[in-house]
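Throughout, read-outs are computed from the coordinates displayed, never taken from laboratory work. Small disclaimer: the values here were computed from a predicted structure and weren't measured.
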Amino acid sequence: MAPYGDRIQYLTLELRNFIADLVPQANELIWDNYIAVAIAYVKSGKLKDAFCHIAIYSKYVPFGFNRGAELTSGTLKLNRKGKLIRHISIKDIKSFPMNEISILISEAVELSDKHNSELWNKHTQGKSKIMSISEKN
């Protein structure tokens, strides 16, 4: 995360800790792309099972839900991106709506489990896995 400023690094680590505290069995699938670092959270090792994700940009960190269009809990307004993905842009941890996001994460994990019954009783400790690193010019 060295290319990102202190504020974004801190925000990213806080969001990672937040997710790990709520879903300790979640694995991180990490992609270092050309314009952002993307991290998907799954209870398996497969992107199709992801329940939420963050992307690291220089000025903000989008916090998204892979099946966000299917979420019904909470009153938080999520931005639309495609058929299923919904997200909010986070600029600092003080403005992060932890309570609302906690509710949505619980529902998102349930949705992910529903789509893959092998995840229902998965109680292993989560791991981080680098999926790809793009060559920088």
With an 8 Å cut-off on Cα pairs and a minimum separation of 6 or more residues, tell me the relative contact order of segment 15-56 in percent.
30
Mind listing the long-range amide H neighbours of Ile90? Cut-off is under 5 Å, sequence gap 5 or more, other chains count too, H placed in the peptide plane at 1.01 Å from N.
Val61, Phe63
Give the long-range amide H neighbours of Val37: residues separated by 5 or more places, or on another chain, with amide H under 5 Å away, using H modelled in the peptide plane at 1.01 Å from N.
Ile56
State whether segment 6-48 is rounded, prolate or oblate according to the following rule on the C-alpha gyration tensor (a ≥ b ≥ c being the square roots of its eigenvalues): a/c under 1.5 gives rounded; otherwise a/b larger than b/c gives prolate, and the remaining case gives oblate.
oblate
Return a whole-number percent for the relative contact order of segment 6-133, with Cα pairs under 8 Å and 6 or more residues apart as the contact set.
30
